[in-house]
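Asker: Below: one structure in structure tokens.
Laboratory data are not the source of any read-out in this text; all were calculated from the coordinates shown. Given the structure is predicted, the values throughout are model-derived calculations rather than measurements. With ideal geometry, Cβ positions are generated from the backbone for all residues, glycine too; neighbour counts draw on all protein chains shown.
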Amino acid sequence: MTRKTNSGLFFEDYSVGQIMKHSVPRTVTSGERAFYHAAYPSRHAFYSSDLFAKDCGMPQSPLTELAAFHIIFGKTVPDISLNAVANLGYAEGLFIKPVFVGDTLRSESKIIGLKQNSSGKTGVVWVRTSGFNQNDEKVMDYVRWVMVKKKDLDAPEPKAEIPDLKKNLRVEELIIPEGLTFENYNFDFSGERYRLKDYSIGEKINHIDAVTIEEAEHMMATRIWQNTAKVHFDKTQRADLTRLVYGGHIISMARALSFNGLANAQLIAGINSGSHVNPCIAGDTVTAWSEVIDTAFTRNPNVGAIRLRLVASKQPLKELELFETNGDYKSNVLLDFDYWAFIPI
Amino acid sequence: MTRKTNSGLFFEDYSVGQIMKHSVPRTVTSGERAFYHAAYPSRHAFYSSDLFAKDCGMPQSPLTELAAFHIIFGKTVPDISLNAVANLGYAEGLFIKPVFVGDTLRSESKIIGLKQNSSGKTGVVWVRTSGFNQNDEKVMDYVRWVMVKKKDLDAPEPKAEIPDLKKNLRVEELIIPEGLTFENYNFDFSGERYRLKDYSIGEKINHIDAVTIEEAEHMMATRIWQNTAKVHFDKTQRADLTRLVYGGHIISMARALSFNGLANAQLIAGINSGSHVNPCIAGDTVTAWSEVIDTAFTRNPNVGAIRLRLVASKQPLKELELFETNGDYKSNVLLDFDYWAFIPI
Amino acid sequence: MTRKTNSGLFFEDYSVGQIMKHSVPRTVTSGERAFYHAAYPSRHAFYSSDLFAKDCGMPQSPLTELAAFHIIFGKTVPDISLNAVANLGYAEGLFIKPVFVGDTLRSESKIIGLKQNSSGKTGVVWVRTSGFNQNDEKVMDYVRWVMVKKKDLDAPEPKAEIPDLKKNLRVEELIIPEGLTFENYNFDFSGERYRLKDYSIGEKINHIDAVTIEEAEHMMATRIWQNTAKVHFDKTQRADLTRLVYGGHIISMARALSFNGLANAQLIAGINSGSHVNPCIAGDTVTAWSEVIDTAFTRNPNVGAIRLRLVASKQPLKELELFETNGDYKSNVLLDFDYWAFIPI
């Protein structure tokens, strides 16, 4: 038996400044666009109707930002998270250019931080990943950090370098896609009448709808983005024979459910932070609620920005609260996700 | 917590004559076309092969009529059936224009009848729904009636208005797609040799094949049409933790299974009536049989019309009978669906 | 009840030399291309990225050969294997022309051998099947043999004719797609650095990754190719209420898993032999390993050929061995598949 197979990297294999060009570029087709609608109850009109997108100044509906994120993320798994113990968080996620059917995406990552844990058995790796299209234009950028096992426990502890990450993107940093306008925005077609001004900071919205998770659905929805992390697909990986649902599946599910109450928060502009608070497995029923963190104008006179905390939770959802009184996350919280969206003013 | 979310309408919210423009138009892609073949054992050659459709005078294979129906139907759910107790029936379903990849569909509905039930807790709402393409051409029309809960039991009982619906469409009312011809119909490719003249009124056909229903399949196949009815997706909605399969999933399943014996009943022309006799849940095995109700010529000399009763039943299927001797539907019947199809003469 | 339905053919219905034009041609869309990536952890860059395929001299990514095989195979099921007891083997599978999105495929078969079994209740049927595109160009060719039931046990035993099949294709027989070149092959994008010269005969590669099989996944992945064999879809077909996974699903799964270690074995050129050693059912976890049987140059100076034995096995996989000491296949082996692939020199 030879060792041509990739068993993934370990904590001691990373160094700050290291650059990785991830393999297997992917051409996006209308098949991926349609499949996203089979996997998630996605209803934002901008991504559902080419005509709606045209009325908003686009040549056609782009691929939903989260699908682009999943493709770019999926490519990093063989190099970053095959031996990850946990996906700890996201920051500085910026959507730079819309992705359209026909585009071919690839990913690159740079290691921007390392810190060995006190146990000496694991460490945290901070990675900035960028996605590029066929014209080498950057389409998105994000940072994530993961806890990775050491293989050689005797490998020297690297100098700890913790990157200085923004708590959140400022509205001025968000990039409005070229041509985007909400001047002719059709509120009949979008599904709700609420504009930026209708949302107030601190407002919480229960999105009501819920979806019970199935193995076949989360596996197909993860596999189509070529994410190869074993725990999602191979039940023999864990002693209890459960497969862990890809965290991005929960992000997409919660975002799709948030249509009900946030139908006009059409485009995701940036990811301020995100963490997968508890694991999700098949049989769990996922619901979602949002809290308005901020609202802002942009340099485009009809495009507003709304900053939202999107929370995915397991049913039953008793109250729209993240934390126990002791400050711990409630046990039914799955996802705590802070993002900016563009919304008509 | 704010109430920006749509909790659906209740019986007292409807009035006869009311018009609703349903939200979230949808552009159909080749992804939806392919997914239909993943969800259903669909084999009618007209929808499988662009060349076959071209030989029948079309520019390419249209989207199968039932997929168009599911899209148009799905858009009505948030406005019509979120609080429906039961989907009681269909009538006057007419396919007016083929839908092609690239078309963008939207739906409008008109309330055409109301009748409060004697309990005072629910009422029946009759709705005529039309689907339109991007050129505002009507692509289909149908009536359905649903039982909807009252929220305010003290709301006054509306004047009962029960629409006068046709028992069935007459063959003269069916619309043959522009250009359709069966002159060069290829019976080798279609899969069977039977023409209109080979079917006789009263003939029953057991389609033999069967499919065991899976949660992931019926959910994806319902979700891709943006149908948001909770009972299909959220197991916590019902005390027994079962999800109800969308009735349209059973219609598509039965129609696909009916290929075996009705391979040349290529296009669905109209829906005379339909009712979901019993609920279906994952684990049920669905099979189908048909009865020939009528056969007719059309004004197109090579296009015939066949009127079929399509019955979906749970296995085991012992006999091709709908009713018990007391006139009740047999307990394993899921669907009683009466439609017209176009078939070579 | 009438008998318009196809109950399939029985052993006594076949004769050597008989030709069958299978029904229901199929146009391939980008939906099928995308769905393949949802069903299998397929990562070969040639099929993932149009740009990568262009760098290899193609106009765009073709449909992966196995998807073309499944389409062509699926069409034969109603005529060949509805009453098959077992799918015994494959040989002389040759990929002749790439299949692209937009192509319309059809299948033809010729009966090339017959042998009644000594029980008198079944017989073996050898079939050569060819797939054609819309220009009547042959895209692939393969032989399979199946054990089929007799219906009329008194039907006379046909003269036994066993075709003389090649043990394997010679490298000279493989057909390099017109224009294919690995001159500008991008090893960063392909995912691994190994070329033809890096593999040695007898080398075994454990592909490590594994996938737990779900009913919804194998059914959708079989149905999309219009394969109608009852045992895959209808749990009431077998006393133990299990559905058998389509053998082709295991071939595609194992091939996709083999990316890890054989990422540059980009195109499948020919199928030398294949047998489904044990049945697979939902809940099984499938993994794969390969053995290098041969390596060869072709007439194209930068395209090499590698002959591989691809083995799918149920977890746990303890050793990369096919056989027990008594010569029987190990009980966890699912597939023994011998094929040629094109790989950069």
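Asker: Provide the packing ranking of A:73-85, B:298-310, B:147-159, B:188-200, i.e. peptides ordered by the mean count of other C-beta atoms within 10 Å per residue, highest first.
Answerer: For the peptides A:73-85, B:298-310, B:147-159, B:188-200, the packing ranking is A:73-85, B:298-310, B:188-200, B:147-159.
Asker: A further question follows. From the label point of B:Asp152, set 7 Å from Cα along Cα→Cβ, how far away are the matching label points in the other copies, in nm, ordered shortest to longest?
Answerer: 7.6, 7.6
Asker: Oh, and also: Below 8 Å, C-alpha to C-alpha, sequence gap of six or more: please give me the relative contact order for the range C:48-107 in percent.
Answerer: 42
Asker: Tell me, Kirkwood radius of the range C:195-279 from alpha-carbon pair distances, in Å?
Answerer: 15.2
Asker: log₁₀ I(q)/I(0) of the range B:268-344 at q = 0.18 Å⁻¹, via Debye over equal Cα point scatterers, no solvent, to two decimals?
Answerer: The computed values of log10 I(q)/I(0) come out as -0.75.
Asker: Next up: Once phi is turned into θ = phi - 60°, what whole-Hz ³J(HN,Hα) does the Karplus curve with 6.51, -1.76 and 1.60 give for every residue of the range A:179-190, x standing for Gly and Pro?
Answerer: Running phi through 6.51 cos²θ - 1.76 cosθ + 1.60 with θ = phi - 60° gives x, 5, 8, 10, 4, 9, 4, 9, 6, 5, 7, 6 Hz.
Asker: Quick query: amide H of A:Ile208 versus all other amide H atoms, modeled in the peptide plane; which residues come in under 5 Å with a sequence gap of 5 or more or a different chain?
Answerer: For A:Ile208, the qualifying residues are A:Ala288.
Asker: Moving on. One decimal, nm, shortest first: give the distances between the label point of A:Gly283 and those of the same position in the other copies, each label point 7 Å from Cα along Cα→Cβ.
Answerer: 1.4, 1.4
Asker: When you count, for each residue, the other Cβ atoms within 10 Å and take the mean per peptide, how do A:38-50, B:230-242, C:107-119, C:276-288 rank with the highest first?
Answerer: A:38-50, C:276-288, C:107-119, B:230-242
Asker: Projected area of chain C, taken from the Cα convex hull and averaged over every viewing direction, in nm²?
Answerer: For the Cα atoms of chain C, the hull's average projected area reads 18.2 nm².
Asker: In deg cm²/dmol, rounded to 500, what helix-only [θ] at 222 nm does the protein assembly as shown give when every DSSP H run of at least 4 residues adds -39500 (n - 2.57) and the total is split over its residues?
Answerer: About -5000 deg cm²/dmol.
Asker: Right, here's the next one. Run the quick spin-label model on A:Arg3 and B:Ala239: label points 7 Å from Cα toward the beta carbon, then report their separation in nm to one decimal.
Answerer: Each label point is offset 7 Å from its Cα along the Cβ direction, giving 6.1 nm.
Asker: Pairs of lysine in the range B:91-160 with Cα under 22 Å and at least 8 positions apart or on different chains: total?
Answerer: 18
Asker: Given a cut-off of under 8 Å on Cα pairs at least six residues apart, what relative contact order in percent is computed for chain C?
Answerer: Result for chain C is 20 percent.
Asker: Run the simple label-point estimate for B:Ser15 and C:Glu183 please: 7 Å along Cα→C-beta, distance reported in nm.
Answerer: Between B:Ser15 and C:Glu183, the simple spin-label model gives 7.6 nm.
Asker: If you don't mind, another one. Between B:Lys204 and B:Phe297, what FRET efficiency follows from the Cβ-Cβ distance if R0 is 22 Å, with the result rounded to 0.05?
Answerer: With a Förster radius of 22 Å, E is 0.45.
Asker: What is the calculated FRET efficiency for B:Glu157 to A:Gln134, with r their C-beta to C-beta distance and R₀ = 45 Å, to the nearest 0.05?
Answerer: FRET efficiency, B:Glu157 to A:Gln134: 0.10.
Asker: Give me the extension gain from C:Ser331 to C:Arg170: residue separation times 0.36 nm, minus the current Cα-Cα distance, reported in nm with one decimal.
Answerer: 54.9 nm
Asker: Follow-up. I'd like the orientation of helix B:30-39 relative to chain B: the angle between its Cα long axis and the longest Cα principal axis, in ° from 0 to 90, rounded to 10.
Answerer: The helix B:30-39 is inclined about 90 degrees to chain B.
Asker: Order of B:87-96, C:320-329 by packing, highest average Cβ count within 10 Å first?
Answerer: B:87-96, C:320-329
Asker: Label B:Asn117 and C:Phe323 with points 7 Å out from Cα along Cα→Cβ: what is the distance between them in nm?
Answerer: Label at B:Asn117, label at C:Phe323, 6.9 nm between them.
Asker: Among rounded, prolate and oblate, which fits the protein assembly as shown when a ≥ b ≥ c are the square roots of the eigenvalues of its C-alpha gyration tensor, a/c under 1.5 means rounded, and a/b larger than b/c means prolate?
Answerer: Since a/c reaches 1.5 but b/c is at least a/b, the shape of the protein assembly as shown is classed as oblate.
Asker: For B:218-229, what's the mean count of beta carbons from other chains sitting within 10 Å of each residue's beta carbon?
Answerer: Rounded to a whole number, the mean comes out at 5.
Asker: Which shape class, rounded, prolate or oblate, goes with the range C:86-192 when its Cα gyration tensor gives a ≥ b ≥ c as root eigenvalues, a/c under 1.5 marks rounded, and past that a/b bigger than b/c marks prolate?
Answerer: Taking the square roots of the gyration eigenvalues as a ≥ b ≥ c, the range C:86-192 is prolate.
Asker: Also: I'd like the mean, over residues of A:55-64, of how many other protein chain beta carbons sit within 10 Å of each residue's own Cβ.
Answerer: 1
Asker: Right, another one. Radius of gyration and Dmax for the range A:1-84's Cα atoms, expressed in Å?
Answerer: Radius of gyration, then largest Cα-Cα span, for the range A:1-84: 17.9, 58 Å.
Asker: Around B:Glu291, with a cut-off of 13 angstrom between Cβ atoms, what is the net charge of the other residues, counting Lys and Arg +1 and Asp and Glu -1?
Answerer: -2
Asker: Taking the Cα atoms only, what angle lies between the long axis of helix C:247-257 and the longest principal axis of chain C, rounded to 10 degrees?
Answerer: Its long axis makes an angle of about 10 degrees.
Asker: Label position 7 Å from Cα toward Cβ: report the copy-to-copy distances for C:Leu241 in nm, one decimal, ordered from shortest.
Answerer: 1.7, 1.7
Asker: Given contacts defined as C-alpha pairs under 8 Å and at least six residues apart, what's the relative contact order of the range C:1-73, whole-number percent?
Answerer: 18
Asker: Moving to a separate point now. Cross-link candidates for A:Lys330: which lysines have Cα within less than 21 Å, leaving aside residues fewer than 8 places away along the same chain?
Answerer: Correct list for A:Lys330: A:Lys204, A:Lys314, A:Lys318.
Asker: Something else: Can you give the mean number of other chain Cβ atoms that lie within 10 Å of the Cβ atoms in peptide A:17-27?
Answerer: Averaged over the peptide's residues, the number is 6.
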